[in-house]
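J.: Take a look at the following structure, please.
The values are calculated or read from the model by the stated rules, or taken from the named source; none is laboratory data. Small disclaimer: the values here were computed from a predicted structure and weren't measured. Every residue, glycine as well, gets a Cβ built from its backbone with ideal geometry; the counts of neighbours run over all protein chains shown. Calculation scope for accessible area: heavy atoms of the full protein, side chains included, ligands and nucleic acids excluded. Shrake-Rupley method; radii C 1.70, N 1.55, O 1.52, S 1.80 Å.
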Amino acid sequence: MVKIALIGLLGIGAQWLAWRTGRPAIALMLIAGVLAGPVSALFIDGGIINPQRDFGALMGPIIKLAVAVILFEGGLSLNFRDLRLAGGPVLRLVVVGVPVGWALGTAAAYYGAGLSLPVSALFGGILVVTGPTVIGPMLRTLRIPARVRDTLKWEGIVNDPIGALLAVGIYAYVTYSGPQADVVAIGFDVVAASLLAGLLGAGLGYGLTWLFPRGLVPEYLKAPVVLVTVIAGFVLADLVKHETGLITVTVMGVVMANRPMLSSHALHRFKEDLAVLLVSGVFILMPATLDWEVMSRFQARFLIFLLLLLFAVRPLTVLTSLMFSTMPWRERLFVAWIAPRGVVAVAITGLFAIRMTEFGVPDADALIPLSFGVVVATIIAHGFSARWVARRLGIWTSENDGVLIVGANDWTVELGATLTALGVPVTMADTSKFALRAARKRDLSSYRGDVLDEVTQDHLELGKFQQLIAASDNDAYNALIAADLGPEVGHDRIVRIAPNANAPVKGRGRVLMASAPSADELLNRHAAGWTFSRTRMTDKFGYADYRANLHGGGEAVAVLKPDKRLLPFTSDARPVVEPGDVVIGYLPPTPLPA
């Protein structure tokens with residue numbers, strides 16, 4: 001019980017620290033696992049966490065089932081709409097990239113690491129995988145174009161089962177060497193099992209999306225039913241042929257992502273939360289399995305292989321695959337650099353290393369330390385350099401310092417103009433093109449559409465906004481925005497205008513301004529001549545002085561920090577105001593002197 005709790009604390013703690021510092025979460029989790037495992041073993045007998053000792057025979061199934069759920073959650077995020085821009089590159093990376101990457105990886109392992117040809121071919125097949133367990137957390141911290149993001153996400157999840165199946169086929173050929181070996185028969189066996197696994201995943205995904213909208217599964221059981229179905233489908237396919245369960249769960253996720261399904265937001269949140277927990281646990285457990293004996297088998301010649309993998313195999317694979325594609329060369333270079341490997345590569349390599357060692361294949365025992373070396377090298381190299389490389393290539397998009405104001409009226413347009421004058425990017429969103437005319441006249445960026453519409457969210461990236469202000473004249477719509485988008489963008493990043501006094505809608509979400517005025521009240525104030533003010537706080541003139549000088553019901557709306565963070569005042573909380581901050585106030589007309 002103590003070890004399970006400690007794994008959770010280390011994993012989630014590393015993720016939180018990564019969020020606070022902007023460092024790659026996977027690298028911090030990897031470091032935490034090594035410290036809790038082999039490093040702690042130097043001072044404590046057996047180490048703080050020793051997975052083989054603590055979990056025994058359950059270690060393998062725990063990792064495999066965790067990977068299954070993580071891959072399903074990844075498939076659940078693969079909507080075909082994402083392929084609008086990334087479809088061509090993804091297809092090229094699968095059709096061309098897999099065989100090219102396999103051939104180059106095999107050559108690097110054979111000539112660079114000095115492994116035997118069968119082991120090199122197996123390891124080269126596994127390395128076509130780019131680690132969806134690593135790509136997801138890494139992309140979450142990067143501000144890169146949607147095409148690059150979708151390409152890396154699709155490649156990581158689609159290639160994952162392909163790499164596993166290449167390893168299955170090569171292992172079958174090696175272990176059935178001799179007169180009984182038949183490449184055609186082995187290939188047919190693997191392809192047939194893969195098609196069966198894919199059909200099983202499609203059937204399970206279609207079945208659930210048929211049951212849910214018809215009310216045949218109650219709301220409180222939908223998430224558990226999905227989870228149990230994922231595990232059952234993975235195990236069933238794996239019983240037919242090892243590693244084909246990865247295809248089942250991936251296809252199941254993709255099918256469910258592209259079919260109408262009630263409660264999709266709730267299921268997405270459940271799967272995303274579960275995937276974060278599982279990734280955190282797995283990346284504490286896997287490095288903790290290392291011991292000094294295994295690490296001592298990492299030889300100097302393996303460094304040549306790692307350098308070839310980083311600077312030759314991946315770049316040549318991607319640049320060959322994307323040759324003559326429409327993707328800009330700067331984006332191609334970024335994709336060519338990013339290829340971290342994760343838990344799937346380690347788990348599959350460990351499985352086949354043990355089997356091939358027992359079979360007597362030369363150099364098979366070198367696969368485990370080499371696979372961990374690949375994971376550590378790629379996670380550190382790509383995780384810590386991705387932001388720098390994106391900036392140097394000029395594809396790093398603006399930070400999430402924008403503000404999205406939903407609802408175009410006289411008051412919101414004036415607020416948008418005030419924020420723009422302070423250097424804060426503002427986007428006005430409304431369903432009416434006539435309402436947006438005033439915003440366009442003030443040179444404000446505008447978007448016509450419903451922010452709750454999935455099609456709109458494909459074009460309007462919500463992640464680039466630090467604050468969303470729901471200020472339409474529809475109280476129910478404002479409350480719905482706060483409730484529906486809160487789990488996605490964060491409740492702390494959404495504020496709404498208070499409903500009218502006689503409105504039946506209360507809803508969730510923070511209410512803008514301490515007095516919580518409604519839209520009608522704000523428009524009436526605007527008509528009466530109220531205006532926005534901008535006041536910089538100093539050591540001599542602080543927030544207390546500012547409040548003392550307010551008159552006629554004027555109040556603070558938000559405070560803008562020097563780093564362009566906008567912190568709104570709400571009815572239940574106010575941000576800390578310090579010297580150097582700019583307070584945005586809403587004030588009545590200055591009374592004429594008597």
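J.: Suppose all protein chains stay in the model; what accessible area per residue would a 1.4 Å probe give for the chain, in Å²?
T.: So the chain comes to 45 Å² accessible per residue, rounded to a whole number.
J.: Work out the FRET efficiency for LEU9 and ALA483 from their Cβ-Cβ distance, taking R0 = 25 Å, and round it to the nearest 0.05.
T.: So the FRET efficiency works out to roughly 0.20.
J.: Give me D for the stretch 291-380 in µm² s⁻¹, whole number, from Stokes-Einstein with Rh from the Kirkwood sum over alpha-carbon pairs, 20 °C and 1.002 mPa s.
T.: 146 µm²/s
J.: Taking +1 at the Cβ of each Lys and Arg and -1 at the Cβ of each Asp and Glu, which of LEU166, PRO145, ALA103 sits farthest along the dipole of the stretch 67-175 towards its positive end, judged by Cα position relative to the Cα centre?
T.: It is PRO145.
J.: Let me ask you something else. Using only Cα atoms, tell me the angle between helix 59-76 and the longest principal axis of the chain; keep it within 0 to 90° and round to the nearest 10.
T.: Around 50 degrees separate the two axes.
J.: Counting helices only, and only those DSSP H runs with n ≥ 4, report the 222 nm mean residue ellipticity of the chain as the sum of -39,500 (n - 2.57) divided by its residues, in deg cm²/dmol to the nearest 500.
T.: That calculation yields -18500 deg cm²/dmol at 222 nm.
J.: Cross-link list LYS153/LYS564; LYS153/LYS241; LYS64/LYS241; LYS153/LYS464; LYS153/LYS222; LYS64/LYS271: which exceed 22 angstrom alpha carbon to alpha carbon? Mind showing how you got there, number by number?
T.: Details: LYS153/LYS564 30 Å; LYS153/LYS241 26 Å; LYS64/LYS241 14 Å; LYS153/LYS464 19 Å; LYS153/LYS222 26 Å; LYS64/LYS271 17 Å.
Where the Cα-Cα span goes over 22 Å, the pairs concerned are LYS153/LYS564; LYS153/LYS241; LYS153/LYS222.
J.: If you don't mind, another one. Quick one: helix 97-107 against the long Cα principal axis of the chain, what's the angle to the nearest 10°, folded into 0 to 90?
T.: The angle comes out near 50 degrees.
J.: Next question, about the same structure. What is the Å³ per residue value for the convex hull set by the Cα atoms of the stretch 329-426? Walk me through the intermediate numbers first.
T.: Values: hull volume 14.4 nm³, N = 98.
Convex hull volume per residue, Cα atoms: 146 Å³.
J.: Taking 0.36 nm per residue of separation and subtracting the Cα-Cα distance, what length does fully extending LEU199 through LEU65 add? Walk me through the numbers before you get to the answer.
T.: Numbers: separation 134, 0.36 × 134 = 48.24 nm, distance 1.98 nm.
Length difference between fully extended and current span is 46.3 nm.
J.: Here's another thing I want to ask about it. Give me the dipole magnitude in Debye, nearest 20, for the chain about the Cα centre, with unit charges on the beta carbon: positive for Lys and Arg, negative for Asp and Glu.
T.: With only Lys, Arg, Asp and Glu charged at Cβ, the dipole is about 1060 debye.
J.: Now for a different question. List every residue whose amide H lies under 5 Å from the amide H of GLY402, counting only residues 5 or more places away in sequence or on a different chain, with H placed 1.01 Å from N in the peptide plane.
T.: Under 5 Å from the amide H of GLY402: GLN466.
J.: Within the stretch 357-394, name every residue whose backbone N is under 16 Å away from a label modeled 7 Å from Cα of LEU117 along the Cβ vector.
T.: 361-363
J.: P(r) for the stretch 542-594, please, calculated from all Cα pair distances in 5 Å bins and given in %.
T.: Bin by bin from 0 Å, the calculated values are 4, 19, 27, 24, 14, 7, 4, 1, 0.
J.: Here's something else I'd like to know. What relative contact order, as a whole-number percentage, does the stretch 105-169 give when Cα pairs under 8 Å and 6 or more residues apart are counted?
T.: With pairs under 8 Å counted, the relative contact order is 38 percent.
J.: Using Cα pairs closer than 8 Å and at least 6 residues apart in sequence, work out the relative contact order for the chain, in percent.
T.: 14 percent
J.: Along the Cα→Cβ direction, 7 angstrom out, place labels at ALA548 and LEU303. What is the inter-label distance in nm?
T.: 6.7 nm
J.: When ranked by the protection proxy of mean other Cβ atoms within 10 Å per residue, highest first, what sequence do the peptides 568-575, 40-47 form?
T.: In descending order of packing, they fall as 568-575, 40-47.
J.: Of ILE379, LEU523, ALA479, which is farthest on the positive side of the dipole of the chain, counting Cα position, with +1 on Lys and Arg Cβ, -1 on Asp and Glu Cβ, and the Cα centre as origin?
T.: LEU523
J.: While we're here: Restricting everything to alpha-carbon atoms, can you work out Rg to Rh for the stretch 88-175 with a Kirkwood hydrodynamic radius?
T.: Across the stretch 88-175, the Cα-based Rg/Rh ratio is 1.04.
J.: When the Kirkwood hydrodynamic radius is evaluated over all pairs of different C-alpha atoms of the chain, what value in angstrom, to one decimal, is obtained?
T.: In the chain this quantity evaluates to 26.6 Å.
J.: Okay, moving on. What nm distance separates the two modelled labels at LEU216 and TRP16, each placed 7 Å from Cα along Cα→Cβ?
T.: 4.3 nm
J.: About the Cα centre of the stretch 301-439, what is the dipole size in debye to 20, counting +1 per Lys and Arg Cβ and -1 per Asp and Glu Cβ, all else neutral?
T.: Working: 11 positive and 9 negative charges, 88 e Å.
Dipole magnitude for the stretch 301-439 comes out near 420 debye.
J.: Something else about it: Once you sort the root eigenvalues of the Cα gyration tensor of the stretch 29-114 as a ≥ b ≥ c, which label holds: rounded (a/c under 1.5), prolate (a/b larger than b/c) or oblate (the other case)?
T.: Because a/c hits 1.5 or more and a/b fails to exceed b/c, the stretch 29-114 counts as oblate.
J.: Right, here's the next one. Leaving out ligands, DNA and RNA, and with a 1.4 Å probe, what % of the accessible surface on the chain is carbon or sulfur?
T.: The computed percentage sits at 64.
J.: Here is a follow-up. At 0.36 nm per residue, and after removing the present C-alpha to C-alpha distance, how many nm does the segment from VAL184 to ARG330 gain when stretched out fully?
T.: Result for the pair: 48.5 nm of gain on full extension.
J.: Assuming 0.36 nm per residue, please report the length gained on full extension of the stretch VAL96 to PHE80 beyond their Cα-Cα distance.
T.: Length difference between fully extended and current span is 3.7 nm.
J.: If you line up the long axis of helix 245-257 against the longest principal axis of the chain, both from Cα atoms, how many degrees apart are they, to the nearest 10?
T.: Orientation of helix 245-257: about 20 degrees from the principal axis.
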